[in-house]
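Structure, as structure tokens:
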Amino acid sequence: MHGFETGQTVVRRDVHRSGRVWSELALRVVDDNGEALVTACAPGAQARWPALYAQARAEGDRSVRTEAFDAMATGEWGLAAGVWQETDLLLWKPPTSWFSVNAFFVPDSGGGRRLRNWYVNFEHPTRRTETGFDTLDLTVDLVVAPDLTRWEWKDEDEYAHVRRLGIVSDTAHQAVEAARSEVMAMLTDRSGVFAQAERWAAWRWEPAWPTPCLPRPVAAT
């Protein structure tokens, strides 16, 4: 499949093994090369995510997130329209990796933006589509300080839950474990995206880019 052009709108979809879309997020392409597809979004970008997940965000109730995963296990859930809020996001996705590396930017005291943290999201490898790419978030994450000197694992409890539910198979779990080791080696060696950490930390959203919007919903492929 052909590469995407810088500035083009693409859609990241999380797609369940049943073929049903779990979530969608509109992004802009920053770079598309053999090493990775680099995309970004900014506050106001359109999204669609499970209604229970949206409820959990609105109410700050993590127990509702658990209900959302229970619904995923049954293959039955409803989607709600959403909007990306607060942060600028830069997303670096190697095509065959079981993770993506994300950078979150927030306003600074001078009226600009600053890198808040790196965030490694463990997920299925990329499947390119005509409108973007498909993957599936596997819940466990690694939060990394801007200077790469400190990190902590996040949502291990939710990962254990989706393992129990069978959402993450034994084969996928083995791939995640290997990906954890790969990411830790990248941090230690300052390799992969972290070899260009200073460059990416200085990234800013292109002011000329309109806010990314979702196309009409389409069926998963």
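The values are calculated or read from the model by the stated rules, or taken from the named source; none is laboratory data. Note that the coordinates shown come from a computational prediction; the quantities given were computed from them, not determined experimentally. Neighbour counts run over all protein chains shown; Cβ positions are idealised from the backbone, glycine included. SASA here: full protein model, heavy atoms, side chains in, ligands and nucleic acids out. Shrake-Rupley method; radii C 1.70, N 1.55, O 1.52, S 1.80 Å.
For region 1-130, just the Cα set please: Rg and Dmax, both in angstrom.
Rg then Dmax for region 1-130, in Å: 15.5, 48.
Roughly how many percent of the accessible protein surface of region 35-166 is carbon and sulfur, given a 1.4 Å probe and a whole-percent answer? Mind dumping the intermediate values first?
Values: 2930 of 5710 Å².
C and S atoms contribute 51 percent here.
Report the calculated FRET efficiency for residue 106 and residue 191 (r = Cβ-Cβ distance, R0 = 30 Å), to the nearest 0.05.
For residue 106 and residue 191, the calculated efficiency is 0.70.
Add -39500 (n - 2.57) for each DSSP H run of 4 or more in the chain, then divide by its residues: what number comes out at 222 nm, to the nearest 500 deg cm²/dmol?
Numbers: 5 runs with 57 residues, N = 221.
Using -39500 (n - 2.57) per qualifying helix, the result is -8000 deg cm²/dmol.
Only four residue types carry charge here, +1 at the Cβ of Lys and Arg and -1 at the Cβ of Asp and Glu. Report the dipole size of region 34-106 about the Cα centre in Debye, rounded to the nearest 20.
Dipole magnitude for region 34-106 comes out near 120 debye.
Translational diffusion coefficient of region 1-71 at 20 °C, 1.002 mPa s, Stokes-Einstein with Kirkwood Rh over Cα pairs, in µm²/s as a whole number.
153
Over the chain, what is the relative contact order in percent, taking alpha-carbon pairs closer than 8 angstrom and at least six residues apart?
21
For region 29-112, calculate the relative contact order in percent as a whole number, restricting contacts to Cα pairs under 8 Å that are 6 or more residues apart.
34
Please compute the per residue accessible area over the chain with all protein chains in place, 1.4 Å probe, rounded to a whole number of Å².
That works out to 47 Å² for each residue.
Work out, in µm²/s and without decimals, the Stokes-Einstein translational diffusion coefficient of the chain at 37 °C, 0.692 mPa s, Rh from Kirkwood over C-alpha pairs.
In µm²/s, the coefficient is 183.
Quick one: Cα centre-to-centre distance for region 154-211 and region 42-107, in angstrom?
Value for the Cα centre distance between the two parts: 15 Å.
Please state the charge dipole magnitude for the chain, taken about the Cα centre, from unit charges on C-beta atoms (+1 on K and R, -1 on D and E), reported in debye and rounded to the nearest 20.
The dipole magnitude comes to about 320 debye.
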